[in-house]
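The values are calculated or read from the model by the stated rules, or taken from the named source; none is laboratory data. Treat the numbers as computed from the prediction; the structure is a model and nothing was measured. Heads up, the Cβs are rebuilt from the backbone with ideal geometry, glycines too, and the neighbour counts pull from every protein chain shown. Only protein heavy atoms, including side chains, enter the accessible area calculation; ligands, DNA and RNA are left aside. Shrake-Rupley method; radii C 1.70, N 1.55, O 1.52, S 1.80 Å.
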Amino acid sequence: MNSDGKITIVPTPIGNLGDITLRALETLRASDLVCAEDTRITAKLLAAYDISKPLMRLDENSLSKRALDVIARAAQGANIAYCSDAGMPGVSDPGLRLVRAAREAGVSIEVLPGASAALVAYVASATVCPRFYFGGFFPRKENERQRTLENLRTLDAALIFYESPNRLVSALTSIARTMPTRRMAVCRELTKLHEEIVCATAEQACNIFTKREAASSIKGEIVLVIDPPDESENKPSAADLEQRASELISQGARTKEAAKCLATEFGISKNTAYDLVMKAANSK
């Protein structure tokens with residue numbers, strides 16, 4: 001579909017209004033319509049820079065009803081901007097669905113670079129890992145949190161999650177239970193007046209914010225950054241090795257095959273693996 005219109009994804013400041021880019025302001029001023037996750041929040045941003053534009057609410061609930069209308073207007077030549085409440089639209093907000101729908105309809109999409117709480121926290125956490133996994137908002141339910149942490153526990157990457165101040169202690173409790181000695185950072189109110197970054201082990205961070213919550217409420221938007229496991233954490237225990245050797249023998253594997261499998265899975269020497277397998281075989 002050919003059209004002079006387009007939809008532009010416009011990042012907005014995550015706290016400090018001075019962080020908006022010149023290109024974002026130019027785009028907002030040139031737009032025929034500004035769609036926003038929350039028009040009240042975006043209206044304040046526009047007013048701060050003396051920009052007056054028609055606003056349309058386009059949040060999770062209204063997106064399915066209004067997205068096609070927005071896309072149709074862009075197809076007819078309108079220039080439409082989309083803003084989330086803060087940061088990069090599409091990162092844990094409905095922007096991704098708008099981008100997908102526009103791409104499928106053949107409407108031009110432009111994404112501007114800009115602020116992202118996840119990236120600011122990743123750098124501010126002082127992790128030295130060059131890889132990261134962004135999990136969006138941390139699961140609300142305890143069993144889902146534990147399952148998520150167990151699945152990601154051995155991933156060689158920093159783990160990044162958004163969290164509500166009301167659920168922070170519950171989240172830290174789950175993290176401390178699964179990986180108590182893991183280094184992490186709790187990044188609160190990034191770029192704002194009361195910005196705070198607490199770097200500690202998961203267990204220490206849990207104790208710090210548990211005490212704080214008992215004394216007063218915790219406020220502000222929060223990003224959690226968890227370091228990847230170090231070598232000592234990933235090192236298998238003797239019990240783990242013996243259990244796996246026993247499982248392989250019970251499954252009918254020959255001693256040489258079982259030893260090879262054990263060495264590959266746990267990164268141990270062939271001789272050590274063979275001794276474990278023989279011990280398991282003789283105990284049957």
For E221, which sequence-distant residues (separation of 5 or more, or a different chain) have an amide H within less than 5 Å of its own amide H, given hydrogens modelled in the peptide plane? E189
Binned at 10 Å from 0, what are the whole-percent values of the Cα-Cα distance distribution for segment 1-89, short to long? 18, 54, 25, 3
Solvent exposure, largest accessible area first (probe 1.4 Å, DNA, RNA and ligands not counted), of M184, M56: M56, M184
May I ask you to evaluate 6.51 cos²θ - 1.76 cosθ + 1.60, the Karplus curve with θ = phi - 60°, for each residue of segment 184-191 and list the ³J(HN,Hα) values in order in whole Hz, giving x for glycine and proline? 8, 10, 9, 9, 10, 6, 4, 6
Calculate, for the chain, the solvent-accessible area per residue in square angstrom, rolling a 1.4 angstrom probe over the heavy atoms of the protein chains. 54 Å²
Between Y133, Y49, Y82, find the one with the highest GNM mean-square fluctuation for the chain; connect C-alpha pairs within less than 10 Å. Y49
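Using packing as a proxy for protection, rank 162-171, 207-216 so that the peptide with the highest average count of other Cβ atoms within 10 Å comes first. Don't jump to the answer; show the numbers that get you there.
On the way: 162-171: 18.2, 207-216: 12.9.
In descending order of packing, they fall as 162-171, 207-216.
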Keeping all protein chains in place and using 1.4 angstrom, which order do K141, K270 fall into by accessible surface area, from largest down? K270, K141
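Which percent of the accessible heavy-atom area of the chain goes to carbon and sulfur, probe 1.4 angstrom? Write out the running numbers ahead of the final one.
Working: 7630 of 15260 Å².
Carbon and sulfur: 50 percent of the exposed surface of the chain.
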If D275, D50, D85 are ordered by their accessible area, calculated over protein heavy atoms with a 1.4 Å probe, which sequence runs from highest to lowest? D50, D275, D85
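Give the value in nm², to one decimal: projected area of the alpha carbon convex hull of segment 87-133, averaged over all directions. Write down the numbers at each step before the final one.
Numbers: hull surface 16.4 nm².
The orientation-averaged projected area of the Cα hull of segment 87-133 comes to 4.1 nm².
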Under Karplus coefficients 6.51, -1.76 and 1.60, residue-wise ³J(HN,Hα) of segment 260-270 in Hz, glycine/proline x: 4, 5, 5, 5, 5, 5, 10, x, 9, 5, 5
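Quick one: which of 60-72, 23-35 comes out on top by average Cβ neighbours within 10 Å, and what's the full order, highest first?
Details: 60-72: 14.7, 23-35: 18.1.
Packing proxy ranking, top to bottom: 23-35, 60-72.
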Taking the chain as the reference, fit the longest principal axis to its C-alpha atoms, fit the long axis of helix 168-178 to the helix C-alpha atoms, and give the angle between the two in degrees, 0 to 90, nearest 10. 20 degrees
Computed from the coordinates I sent, Cα Rg over 2.2 N^0.38 Å equals one of [x] 0.97; [y] 0.92; [z] 1.33. Tell me the label. [z]
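Give the average over all directions of the projected area of the C-alpha convex hull of segment 52-134, one decimal, in nm².
Details: hull surface 27.8 nm².
Projected area, direction-averaged: 7.0 nm².
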Which of Q204, Q76, Q243 moves most in a GNM of the chain, Cα contacts under 10 Å? Q243
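Between E144 and E242, what's the calculated FRET efficiency when r is the beta-carbon distance and R0 is 35 Å? Round to 0.05.
Details: r = 32 Å, r/R0 = 0.91.
The formula returns an efficiency of 0.65 here.
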From the phi of every residue in segment 209-218, what ³J(HN,Hα) in whole Hz does the Karplus formula 6.51 cos²θ - 1.76 cosθ + 1.60 yield, where θ is phi - 60° and glycine or proline is x? 7, 5, 5, 5, 5, 5, 7, 6, 6, 9
Hey, which aspartates and glutamates would be in cross-link range of K192, C-alpha to C-alpha under 12 Å, not counting anything within fewer than 8 residues on its own chain? D19, E221
Partner lysines whose C-alpha sits under 18 Å from that of K53, ignoring same-chain residues fewer than 8 away, are K6, K44
